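The structure under discussion appears below in the form of structure tokens.
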Amino acid sequence: MHILLTNDDGINAPGIKALWLELSQIARITVVAPDSEKSASSQAITVHHPIWVDTHCIDTPAICAWRVGGTPTDCVKVALEALLTDDRPDIIVSGINHGSNLGTDILYSGTVSAAIEGALHGLPAIAMSLDSWQPFDFMPAAKMARKIVEKMVTKCLPPNTLLNVNVPALKEEQFKGIAVTKLGVRSYENTFERRQDPRGRIYYWMSGKVSESENDPDTDIIAVKNGRVSITPIHFDLTNYGIIKAMETWEL
């Protein structure tokens, strides 16, 4: 089995290192990841300047790594359409993100978008995130990724589908189980601090905090809050089929 690893925290992030240490026990690993943090880059691609790619030495010689001067989506595109055309991976795993990607946050997530790009190319894909912004051991999440990958070898996801996995910041023995969930709703109270640079130009610095929203018990947000590993199957057909018939009656 050949696994492609990527992320949005950068090639030297501890989350992706935990993944290659764990998954290299069951598969051949190729790492193609951004040269620096590219969080909240969503599905952005680079079209107005070159995408720099170079080999990257890591402390596990059996793993081939490329460092990409682009977004997580760029990484997957470059890997599948340029670097690995004669050695196509079987599965793509993106992460482990330092911080959760729950509910509507996935619309902004570079971690999830890299997995989406893999699914767009017809490959099974997983986005892995750890529900902590503080330093924490990524190995429990990496071991969970291994379990899911091993299961996906025997099970087939529908086309254009990926798994979004969020792991509580707990020791493995403290997990309260696994929940297959739907996406919840997560909103933020954003603030924009107005500042001025030394040349007198005005700019704004955005910050914010999570605003608690009511969520159903079967959502990813509630599962992780209750100490469970959340696995959400996601597809990217954004069509609202429920209003198609009504819109056909519009007189335009």
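The values are calculated or read from the model by the stated rules, or taken from the named source; none is laboratory data. From a predicted model like this one, the values you see are computed outputs, not experimental measurements. Counting neighbours? That spans all protein chains shown, and the Cβs are built from the backbone with ideal geometry, glycine included.
Considered as a group, the residues in the stretch 138-177 that are of a type in the set (S, T, N, Q) and not in a strand (DSSP E or B) include one that is modelled with the highest pLDDT, and that residue is Q174. Against the test of being part of a strand (DSSP E or B), at negative phi, at pLDDT below 95 and in contact with a Lys or Arg (Cβ under 6 Å, 6 or more places away or on another chain), the options D105, D54 yield a single qualifying residue, D54. Against the list (1) charged (D, E, K, R); (2) surrounded by 19 or more Cβ atoms within 10 Å (Cβ to Cβ); (3) more than 19 Å from S41 (Cα to Cα), the condition E150 fails is (2). Taken over the stretch 178-226, the residue count meeting the criterion of being of a type in the set (G, A, S) and either in contact with a Cys (Cβ under 6 Å, 6 or more places away or on another chain) or in a loop (DSSP other than H, G, I, E, B) (or both) is 3. Within the stretch 229-244, if we keep just the residues that are surrounded by 13 or more Cβ atoms within 10 Å (Cβ to Cβ) and of a type in the set (A, V, I, L, M), the residue that is nearest to A114 (Cα to Cα) turns out to be I234. Being assigned to a loop (DSSP other than H, G, I, E, B) and within 19 Å of L183 (Cα to Cα): is that true of S100 here? Yes; evaluated as a whole, the condition is true for this residue. Among the residues of the stretch 1-48, those that are over 20 Å from G99 (Cα atoms) and buried (at least 18 other Cβ atoms within 10 Å of the Cβ) comprise I3, L4, L23, A27, I29, T30, V31, V32. For the stretch 68-95, a residue qualifies if it is closer than 26 Å to L130 by Cα, of a type outside the set (A, V, I, L, M) and out of contact with any Leu (no Cβ under 7 Å at 6 or more places or on another chain), and the qualifying residues are G69, G70, T71, P72, T73, D74, C75, K77, D90, S94. On inspection, W52 passes the criterion of being more than 16 Å from P89 (Cα to Cα) and of a type in the set (F, W, Y). Are any residues in the stretch 138-163 farther than 18 Å from T232 by Cβ and touching a residue at least 60 places away in the same chain (Cβ under 8 Å), and if so, which ones? Correct list: F138, M139, A142, K143, R146, E150, V153.
Selection of first residues in the stretch 108-119 that are closer than 15 Å to A33 by Cβ and of second residues that are of a type in the set (D, E), restricted to Cβ pairs under 7 Å at least 6 apart or on distinct chains, gives the following pairs, ordered by first then second residue: G110/D8; T111/D8; A114/D8.
Each residue in the stretch 164-201 was checked for being free of Cβ contacts under 8 Å to residues at least 24 places away in the same chain, of a type outside the set (V, I, T) and surrounded by 11 or more Cβ atoms within 10 Å (Cβ to Cβ), and 2 of them qualify. Taking the criterion of being under 21 Å from K182 (Cβ atoms) and more than 11 Å from the chain's Cα centre (by Cα), the residues of the stretch 103-135 that qualify are G103, T104, A119, P124, D131.
For (1) of a type in the set (A, V, I, L, M, F, W, C); (2) in contact with a Ser or Thr (Cβ under 7 Å, 6 or more places away or on another chain), each residue gets a yes or a no:
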site	(1), (2)
V185	yes, yes
Y203	no, no
G208	no, yes
E214	no, no
I222	yes, no
P233	no, yes
K245	no, no
T249	no, no
L252	yes, no
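Do the conditions hold for L84, that is, is it out of contact with any Ser or Thr (no Cβ under 9 Å at 6 or more places or on another chain), of a type in the set (A, V, I, L, M) and surrounded by 16 or more Cβ atoms within 10 Å (Cβ to Cβ)? It is false that L84 is out of contact with any Ser or Thr (no Cβ under 9 Å at 6 or more places or on another chain), of a type in the set (A, V, I, L, M) and surrounded by 16 or more Cβ atoms within 10 Å (Cβ to Cβ).
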